[in-house]
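FYI, it's all coordinate maths here, none of it is from the lab. What you are looking at is a predicted structure, and each value in this text was computed from that prediction instead of being measured. All Cβ positions, glycine included, derive from the backbone under ideal geometry; neighbour counts span all protein chains shown.
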Amino acid sequence: MKYFVFDLEASCWKDNRENRQEIIEIGVCIVDEYGRLGRTFSSFVKPVLNPTLSAYCKGLTGINQADIDKAKPFPYVIDKLMDWAEIPDTEYVYCAWGSADIKLLQHDAQLHRMEIEWLDPYVDIKSQYHNNKDISNPSGLYKVLKKNGFEFEGERHRALSDATNLSRIIAKYIDEWVY
C-alpha cells in the first residue's frame, strides 16, 4: 500500500470570515510501503467564488495573483491529479496533517458537483501522531519536524513543501499508521 500525502493551500483573509475558502494549490507526495519518497505533484487551482487573492493570502503563502490567473479550475486539476496518481488503479492510504485539508477537498468537490469517494481510507496524521505519542496538546507540523530532528525544507505555507515535509514524518513512523 502506498501513501498519498497531500497538502492544500486555500484562499484566505486576515479579518473576513464570511468569504468561503477555496483551494488555490495542491501538493502531493507518494510514499511507498517502505517509507521511500517517490513522485510528486504540484498545481495551482483557480478559485471561482473569489478569484482574486487577498493581500493577506499572498503574503502568507507567497503565491502571486498571476499564478492563480493562469491556473486551471478545480475539476481540471483533480482530473489531472487522478491521472497522474493512477486513481483508482493504484491503492493508496490518503494522508494529510489534520482534518482541514480533507474538509476543504470535500467542500470544493461539492461546489463543483464532483465525487471524491476515492479519498478513502483517509488518515489524519496530526491526530494519530499526537495520540501515538500520548501528547495532549497538539503542535503544528513545523514543531513536530523539529522535535523529530528534521529541519523544514522548502517554503512554509506552500502545498508541495508541506506535503514533502509531512512525508518525512510518515516515513519515520511508517509502521505506526492505522487506516
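Among all lysine pairs in the stretch 2-172 that are eight or more places apart or on different chains, how many have alpha carbons less than 21 angstrom apart?
29
Pick from Asp89, Asp101, Asp124 the residue whose mean-square fluctuation is largest in a GNM of the chain, springs joining Cα atoms under 10 Å.
Asp89
Taking square-rooted eigenvalues a ≥ b ≥ c of the alpha carbon gyration tensor, is the stretch 81-179 rounded, prolate or oblate, where a/c under 1.5 means rounded and, failing that, a/b exceeding b/c means prolate?
Details: a/c = 1.73, a/b = 1.63, b/c = 1.06.
Since a/c reaches 1.5 and a/b is larger than b/c, the shape of the stretch 81-179 is classed as prolate.
What area, in nm² and to one decimal, does the C-alpha convex hull of the stretch 1-42 cast on average over all directions? Show your work: numbers first, answer last.
Numbers: hull surface 15.2 nm².
If you wrap the Cα atoms of the stretch 1-42 in a convex hull and average its projections, you get 3.8 nm².
Along the Cα-to-C-beta direction of Glu18, a point sits 7 Å from the Cα; which residues of the stretch 44-61 have their amide N less than 20 Å from that point?
Output list for this probe position: 48-57.
Please list, in chain and number order, the residues 5+ apart from Ala10 or on another chain whose amide H is under 5 Å from its amide H, with Hs placed from the backbone.
Sorted by chain and number, the residues that satisfy this are Ile24.
In Å, the Kirkwood hydrodynamic radius of the chain over pairs of distinct alpha carbons?
On the way: mean 1/r = 0.0598 Å⁻¹.
Result for the chain stands at 16.7 Å.
Would you mind getting me the FRET efficiency between Glu117 and Thr40? Use the beta-carbon distance for r and R0 = 25 Å, nearest 0.05. Numbers along the way, then the final one.
Details: r = 24 Å, r/R0 = 0.97.
Efficiency, rounded to the nearest 0.05: 0.55.
Would you mind working out the magnitude of the charge dipole of the chain relative to its Cα centre, with +1 at each Lys and Arg C-beta and -1 at each Asp and Glu C-beta, to the nearest 20 Debye?
Dipole magnitude for the chain comes out near 680 debye.
Tell me the net charge near Thr61. Cut-off is 11 Å between Cβ atoms, Thr61 excluded, with +1 for each Lys or Arg and -1 for each Asp or Glu. Write down the numbers at each step before the final one.
Working: positive: Lys58, Arg156, Arg158; negative: Glu9, Glu25, Asp67, Glu155, Asp162.
Residues close to Thr61 contribute a combined charge of -2.
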